[in-house]
Each structure stands twice: as C-alpha cells, then as structure tokens.
Amino acid sequence: MGAVRIIHLTKNFGELVAVNDMTLEIPEGTIFGLLGPNGAGKSTTTRLLSTLLKPTKGTAELAGHDVLREPVAVREKTGVLPEESNHTHYPSRSTYDNLVYFAKLYGVPEEEIEERVRTLLEFMELWQRKDDKAGELSTGNRQRLALCRALLHNPSILLLDEPTSALDPIAAKRVRELILNLASEYNQTVFINSHNLPEVQRMCDQIAIIDEGKVLLHGKMEELRSTLYSQQRYRILVHGDVNAAERIAKSQEFVKSSKTEIDSIVVEIENPVQNNVKLLKAMIDAGVNVVEFSEEEATLEDLYLKVIKGGAQ
Amino acid sequence: MNKSMVVAMWDIRNALTVKFVKYGIVLAAVFGPALVILTVVGMALVTTPTVFNEVIQLILPYMSSMLAIFAVIPTTMLAANALVGEREQNTLEPLLCTPLTDRELLWGKVLGSALPSLIILVSSVVIAEVVTNLFLAILGYPLILVPDLPGLFLLSTAVPLTIFAIVAVMILISGRVTRVYEAYQTTGAVVMTFIIPMILPLAGMDDSGIVDVGMIWFANVLTLVIAIILFAISWTLAITRFNRDRLISLV
C-alpha cells in the first residue's frame, strides 16, 4: 500500500478548478517530485495533503489516514515545509524557542524535546545560533530552521514546498543529502514540490508533471523517458562541417529528427542497434570527421518541456 | 487542554516581546488599583468624615468603571497579537499544520488573550480593597467596600463577559485587518461600554449632589445586558467563522 494515496482529488475555488480529479499512489520510502508551471495546482495539492484545505471531491490517504476523516492523525504523521517557509517563524523569539514550541504542539514527549531540538539544530549547523531571534537569521538559516520544524516529530511523510529555494549551494546540497538519507535509512516518504528540475532529477525516484490541476505524466524517470522517447537520441561530435553531417543524417529514413548544435548534431534514430552503424558508415563515406558518437539521455527538463508544451499523450 | 495552554502561554510571552504591549499591560495592572487607592485615600486626607461619606458615593461608580476599563485593555492588546499577529508574522500556516484541533487552537487563543486580563481584574479588586482600607483604618475612617457592591457586581459579571467578547470580536475582524495595531484600535471601541456606568448615575443625582443608588444599579445592570448581548452575538458569529478553511484563507 502506498504511503500517499491520492484518489480522484479535486479542489475548486469558485469557478477555478485548482486540482482536477488527481489520482496518484506513492510507495513508502519514495522521494516523489511534483512538477508543473506556476498556477498548475502544486501548492494546492500540498495544502490538501497537509489538511490545510478540504477537497471539493475525492480524498487522499497519508500513512493510512484519510485527510477528511482523520485530519489530526494525518498531521501527526506528516512534517510540512510550507511555501516561503523562511518567513514562517516567530521573529521575536529565539531559534531554540521556536522549535520547542512546535515540538510541544506536535506532541513530542517533554523529556525528549531538548535532545531532539539540539540534534536537529546541530545537524543543520544552527546550534551556535540557538539564542538568536529567528527574525535576525539569514534567509538560508530561516529555511533550515523551517526544515528542523518539519522534522521535529519524526514524521513518516514529509511534504516539502520548494525545500532548497532560499539556500546557498552548500546548504542546498546538505538538505538534498538529508532528504536522500531520510528516505533510504528511515524509510520516510518525501513529497517535494519544486521548480528546480536538476534537483528533482538528482533526488526523486518518481515524478508527476501536472498542469491546470491535472496529472499529465506520472512514473519513474526511466519509465517516463521510454514512454516519451520511443526513439533513442544520439549526439555525434564532428570536427569540421557540422551542416554536412546534418544533411547526411536527414537523408536517412531511419533518422526521425536532427538538431544542430555548435560542434555536434543530436539525432533520434529508429532501431538504433541496426541503424547506428549505417549512419556512421554514411558519414565516414562522405568524408565527415566523426570524433564521438554517444547516447544522449533525455533530461527531466526535456521531459518537462515536452509534456507541458505538447500535453500528455 | 494541555496544548491549548501551550498556545496560550506562547501567545502571552510572544505579546510581551512587543514593548507597547508589555508596558501597556504593566500600566493597566498598576493604574487601576493605584487610581482607586489614591482617590479614596486622598479624599480622606483632604476632607472631613462627613464630607467624605457624601462624596464617596459619587466617586465609587467611577472607581469600578476605571478598574473595568484597565482590566479590559490588556485583552485588546493580547487578542490582537494572538490572532492578527499570526497573520502578520505568516506563522498561521505552520501552526495549522500541527496536530492541534480547531477547538484546541481556539481555546489556546481565548485563554492567551483573556487570562492576563482576568488575573489583572481579580488582583486589582483585591489590592484596591485591601490597601484602601488599610490606609482608611490608619486615618481612623470606618472600613468601606471599594469597589462597592454595585461595582463588584459589575466587575464580576459584565467585565469577564466583555473580555471574552473582545476575543470574539477580534476573531471576526481578523480577516479584515492585516496589522495588529489596526485590530487593537478596532476592538478598543468595545472598552467604551464601561463609560455607561460612569455617566448614567449622574442622571439620578439630586440637587444636593446625592447619587440615587437605584440609578447606579440600573446603569450597572444595563452595562451587563449590553455585555451579554455583545458576548452572545460576537461568539455566535465567531464560532461559525473560526475554522481551518477560513484561517487558511488568511495566509
């Protein structure tokens, strides 16, 4: 059974359909990335899952608890990093006090609070700043503090809205490592809502791309690549006349598309096992100086742009 | 209830980090009993016992109203911080993500806003009664009730109801104002209810300056009726509006 099950989830705001009949299942221990353009319904989905909003239709289950029937149990099992979370602290209270307050509200046993807060602050390298007012911390440190808050009660599911958006590269790397560690060692399920495609590609086991509240694509990265790219793509690095290489590529009927870049062409080839050799031979026979012939993996950005621009197939 | 107390204590400590709230509460706690003590003891010092007995009847309605106003003022400050402050600081969303139920959150906000005022009210009455009579005894005057019986009636009924009504009014206006200071000013108007028991007894004063006790009671009962109406209407509306969907719409 999935740690997160979204079942025909729909949320309307008047005439606007923010989330449209969404159905998804995310297995336990998965790092899941929800992608989509601005206004696609990502934050509304996160708010529905964190029980901040009630669905218009459908429902969702987190850690076996229904968001409509057992909202308190859902909140006990989830840690949430809200949108623009670096602005969600009590600015006149200390870093330490902010966490102690939320630890009490999350029901962390009184005798464990101090140790839990200390461990998290040390991990996020904020222990030295424990007595500083939250409002006096840098943007990055406030974001780390928000992550500490989301982790206080050892939630089995983490809902993270743009988790590294305000962090410098080193802090962002540390947070990514933390997220990967949580999923692998503690079997925590992480639901990430992000615009940062390279980050999602690096971290997530599964992704879904949504637009206008609808899921356009959902699955593992490898599956999605093979779904969207039935032909494989190859990069041919050429020394000399790139245009001549492209003319030869285009003249082959098994080459479905080609694109010229500065010193290379990228081609999509049908049945590459048989046809790669044919293309290479044709180029060499025509006197093209081929330096390298390598497989080109579709990036998440390629997938994203193809889905958002072309719509789901 | 335990989590409600956590919220209440946090809200009180949080509000006390704001200077005007901290000093406002301290002044309200000190000014009320100080005014009563200084007025009554001062009068005893500058008048004869006969004059004192006549004038004190005119002054006592003011004393209870002053104590009422000073006890209610902290609620306006604390409720503004507890409800509108969460919105101003963007802390409402993480708070709503915790396992707090709507009821626990509501109780926390109510206790955090009302408890200090209730404590100030009780302590002000006790301090005013004890210290005033201590001085009167030293000066050789007979012991009196300060505030008097109608005053104690007002303070023990209308004031607590008004304190809770202010919290409800704050819940209602928290969706319309974005700044703590605006909210504080808006609910400050509710405090004006206690001008009635100060002014109305004057209408029953005869030519010799003697105040009709019946009119004092009438003014206090009228204030209580207004407080009951205010409490009932504000809480009927506030309870229907204090829910997660509405709170998250403020984020």
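The values are calculated or read from the model by the stated rules, or taken from the named source; none is laboratory data. For clarity, every value in this text was computed on a predicted model and none was experimentally measured. So basically every Cβ, Gly included, is an ideal-geometry build from the backbone, and we count neighbours across all protein chains shown. The protein model used for the area step is the full one, side chains on, heavy atoms only, and it has no ligands, DNA or RNA in it. Shrake-Rupley method; radii C 1.70, N 1.55, O 1.52, S 1.80 Å.
Structure values in brief
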| quantity | calculated |
| --- | --- |
| Net charge dipole size for region B:119-244 [Lys, Arg +1 and Asp, Glu -1 on Cβ; Debye, nearest 20] | 840 debye |
| Distance between region A:55-107 and region B:28-58 - C-alpha centres, whole angstrom | 54 Å |
| Inter-chain Cβ neighbour average for residues B:9-15, partner chain, 10 Å | 3 |
| Computed magnitude of the charge dipole of the protein assembly as shown (debye, nearest 20; Cβ of K, R +1, Cβ of D, E -1) | 380 debye |
| Shielding by partners, peptide A:86-92 (average Cβ within 10 angstrom, other chains) | 6 |
| Antiparallel bridge percentage (DSSP; both residues within chain A; nearest 5) | 70 percent |
| Kirkwood Rh and Cα Rg combined as Rg/Rh, region B:2-248 | 1.05 |
| Solvent-accessible area of B:Thr101 with every protein chain in place, 1.4 Å probe, in Å² to the nearest 10 | 50 Å² |
| Relative packing of peptides B:138-147, A:63-72 - highest average C-beta neighbours within 10 Å first | A:63-72, B:138-147 |
| For the pair B and A, total buried accessible area rounded to nearest 100 Å², probe 1.4 Å | 2500 Å² |
| Complex-versus-alone comparison for region B:210-251, residues with a loss of 20 Å² or more in accessible area, probe 1.4 Å | B:Arg244, B:Asp245, B:Ile248 |
| Dipole axis of region A:207-287 (+1 Lys, Arg; -1 Asp, Glu on Cβ), positive-most option in A:Val215, A:Ile248, A:Ile265 | A:Ile248 |
| Neighbour cut-off at most 11 other Cβ (10 Å), DSSP loop, trypsin sites (Lys or Arg not before Pro), region A:132-213 | none |
| Per-residue average of Cβ from other chains inside 10 Å of B:94-106 | 6 |
| Positive-pole candidate from B:Met77, B:Val126, B:Leu106, dipole of chain B, charges at beta carbon | B:Leu106 |
| Per residue accessible area in Å² of chain A, where ligands, DNA and RNA are left out and the probe is 1.4 Å | 46 Å² |
| Surface share of carbon and sulfur [accessible, 1.4 angstrom probe, percent] for the protein assembly as shown | 58 percent |
| Net dipole in debye of region B:1-155 [+1 Lys, Arg Cβ; -1 Asp, Glu Cβ; about Cα centre; nearest 20] | 280 debye |
| Rough spin-label spacing in nm, given labels placed 7 Å along Cα→Cβ, for A:Asp66 and A:Glu296 | 5.0 nm |
| Antiparallel bridge percentage (DSSP; both residues within the protein assembly as shown; nearest 5) | 70 percent |
| Probe 1.4 Å, protein heavy atoms only - accessible area per residue of region B:2-248 in square angstrom | 42 Å² |
| Spin-label model distance (nm) - A:Ser94 vs B:Val122, 7 Å beyond Cα toward Cβ | 3.1 nm |
| Charge dipole of region A:31-171 about the Cα centre (unit charges at C-beta), most positive-ward option of A:Thr45, A:Thr119, A:Ile31 | A:Thr45 |
